[in-house]
Ligand code: PLP
């Protein structure tokens, strides 16, 4: 058999998706697995959005659109940025693509030359380092410690920036920690970035609508308008609008880079789905009440889960300000032995034991670049979350 390209042998499948697939397989085999690894809301796409997609099919809006997005959707996105973020864009500063994921990849291909460094705050979304490497760049990690709410500081950021840095990938609210940077924190980071005018700021705001306690996500583009020639804002429909399977995301930024991203997407995905784009117009222009309704459900679950987790012997968790994840500190479990006799030497071993012995699929911190932690999703009904908390208790109590 002819050999594969080096790239193909090095690429890792998404570990979070792999864990969810394993949990689903175990469930199909009849095991009572709680899929705490889920990376999508457990609600359904709101009816008016589905109706707009169905209407698009009925009215034969089923062909290719412009590669970088259908003009009426771009108009709705421009209105969204003006309404929610106080940012002003023109249509040539907006790109629509088949999910935020492929847009982030196209952004990396557009700004990273081989050997360039890209700063990624840890814990990070698992895909960023792979995208940087696929573009020939070198991921450089900077840890947001638990003591600073999993956020990087101006000091830690300055310690990794240098003449080779091409970009930073910033994510707030953050997957996996749920951390949200305040306006002042963003200003302080921007002060450091001022000294590096050639560094792009790629800011992933996919969880924008999942911020709790009345908090509003602050965006780089709004707070630091003087950086408008170097900010690439990434957003999408998957999480807040409950449209993961529709595969649609968008980005905003300077015309030159948006054109490059749009041209790359034209060669990678052709055009985003026409049907999904029609539905997305309804998501942005239609009734928005589902956003706060879903947020309230997640907030109640988060409050319950964090309170219970902090009572489990050996576990502790900060209250995430946003997203539907909780990043749990399991330092006190390291070195212990599970009820079934497995040595818990790393967070990977802990995640394996949780799956084998307690039938709970959690994702080890190692894949997010910060150990010893594991991530759970609260995107499950309350009854299942209660059951999960009981299982954590039982797992901890069975430990030696
Ligand atoms: N960015 C973050 C932080 C995510 O967690 C995800 C999905 O899990 C994505 C981007 C990808 O989103 P999309 O479904 O729009 O491709």
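Bear in mind these aren't lab numbers, they're just calculated from the coordinates by the rules spelled out. Small disclaimer: the values here were computed from a predicted structure and weren't measured. When we count neighbours, we look across all protein chains shown, and the Cβ atoms used for this are built from the backbone with ideal geometry, even at glycine.
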message: Let's test the formula: R0 of 22 Å, r as the Cβ-Cβ distance of residue 293 and residue 55. What FRET efficiency results, to the nearest 0.05?
response: 0.40
message: Can you compute log10 of I(q)/I(0) for the stretch 328-400 with the Debye formula, treating each Cα as one identical point scatterer, at q = 0.11, 0.15, 0.16, 0.27 Å⁻¹?
response: -0.24, -0.45, -0.51, -1.33
field: Label zone at residue 29 (point 7 Å along Cα-to-Cβ), backbone N below 11 Å, the stretch 350-390
entry: 356
field: Distance from the stretch 191-248 to the stretch 143-175 (C-alpha centre basis), Å
entry: 15 Å
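If you stretched the chain out fully between residue 356 and residue 141, how much longer would it get, using 0.36 nm times the residue separation minus the C-alpha to C-alpha distance?
Contour length minus Cα-Cα distance gives 74.3 nm.
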message: Only bridges whose two residues both fall in the stretch 63-285 count here: according to DSSP, what percent of them are antiparallel, nearest 5?
response: 30 percent
field: Area projected by the alpha carbon convex hull of the stretch 179-249, averaged over all directions, nm²
entry: 5.4 nm²
- prompt: Which of these, 104, 224, 169, has the largest mean-square fluctuation under a Gaussian network model of the chain (Cα springs below 10 Å)?
  reply: 224
message: Which residue fluctuates most in the GNM of the chain (Cα springs below 10 Å): 72, 320, 129?
response: 72
task: Give the whole-number value, in cubic angstrom per residue, of the convex hull volume spanned by the C-alpha atoms of the chain.
output: 159 Å³
statement: To the nearest 10 degrees, the tilt of helix 100-111 (Cα long axis) against the first principal axis of the alpha carbons of the chain is 60 degrees
query: Which value in nm describes the separation of the simple spin-label points at residue 134 and residue 394, placed 7 Å from the Cα toward the beta carbon?
result: 4.0 nm
- prompt: Just for the chain, what percent of DSSP beta bridges are antiparallel, to the closest 5?
  reply: 50 percent
message: I need the shape label for the stretch 221-275. Rule: rounded when a/c is under 1.5, else prolate if a/b > b/c, else oblate, with a, b, c from the alpha carbon gyration tensor.
response: oblate
query: In nm², what is the average projected area of the convex hull enclosing the Cα atoms of the stretch 252-356?
result: 11.5 nm²
message: Can you give me the C-alpha center-to-center distance between the stretch 316-335 and the stretch 62-102, rounded to a whole angstrom?
response: 35 Å
- request: Give the angle, between 0 and 90 degrees and rounded to the nearest 10, that separates the Cα long axis of helix 347-358 from the longest principal axis of the Cα atoms of the chain.
  value: 70 degrees
message: Of the candidates 84, 299, 40, which one comes out as most mobile in a Gaussian network treatment of the chain with C-alpha springs shorter than 10 Å?
response: 84
statement: Extend 7 Å from the Cα of residue 162 along its Cα-to-C-beta direction; within the stretch 97-130, residues with backbone N under 15 Å of that point are 115-120
message: On the Cα set of the stretch 2-146, report Rg and Dmax in Å, please.
response: 19.8, 54
- request: Calculate how steeply helix 255-268 sits against the longest principal axis of the alpha-carbon atoms of the chain, using the helix alpha-carbon long axis, and give the answer as 0 to 90 degrees to the nearest 10.
  value: 70 degrees
- request: Quick one: divide the alpha-carbon radius of gyration of the stretch 63-285 by 2.2 N^0.38 Å and tell me what you get.
  value: 0.95
query: What length, rounded to one decimal in nm, is gained on full extension from residue 21 through to residue 268, with 0.36 nm per residue of separation minus their alpha-carbon distance?
result: 86.4 nm
